[in-house]
Amino acid sequence: MSINATLIGQMITFTLLVWFTMKYVWPPIIAALEERKAKIAEGLAAAEKGQEEVKLAEKKAKSVLKEAREQSAEIINLAQKRANELVEESKLQAQKEGERLLEAAKAQIEQEMLQARENLRKEVSTLALRAAEQILKEEIDKAKHHELLSRTAEQLG
């Protein structure tokens, strides 16, 4: 055998191998590669979409938190205003109650003063009657009258 015949045989075998590989082996490999490429592209697109959704969700969460903070601040302000109103109402009620108690105390003091005056009048009239009785019992004498009136004045205070 010559080197040329071997070389031609190897070329024919190589050509058959290339043809067989191109006809039966290469299409499934290319199909698998294309399928894998499509899956990777879908995965990347889904990842990008997921990242965009995460960004949108973060923005939405931030806006919801901001709105919640604003609402809570508004609620706190309203509660503080209501508390201040309640304090003012309580102060007014306490002031009115204090004035009412003061008026009641003044009325009671006035009543006690009137009662004390009435008692004092009764005592003075009783002492005056006693002094008059003693004057009438004794002889009519200016010195004695003067002395009795002085004693009565001392008893009155």
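The values are calculated or read from the model by the stated rules, or taken from the named source; none is laboratory data. As the structure is a prediction and not an experimental result, all values here were calculated from the model. Please note: Cβ atoms are built from the backbone with ideal geometry, for glycine as well, and neighbour counts cover all protein chains shown. Remember, those area values only see protein heavy atoms, side chains included, never the ligands or the DNA or RNA. Shrake-Rupley method; radii C 1.70, N 1.55, O 1.52, S 1.80 Å.
The table below gives the values:
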| quantity | calculated |
| --- | --- |
| Members of segment 135-152 that are open to solvent by 60 Å² or more (accessible area, probe 1.4 Å) and at pLDDT 75 or above | His146, Glu147, Leu149, Arg151 |
| Glu103 being without any contact (Cβ under 8 Å) to a residue 40 or more places away in the chain and open to solvent by less than 100 Å² (accessible area, probe 1.4 Å) | no |
| Of all residues making up segment 113-127, the number that are at pLDDT 80 or above and open to solvent by less than 100 Å² (accessible area, probe 1.4 Å) | 8 |
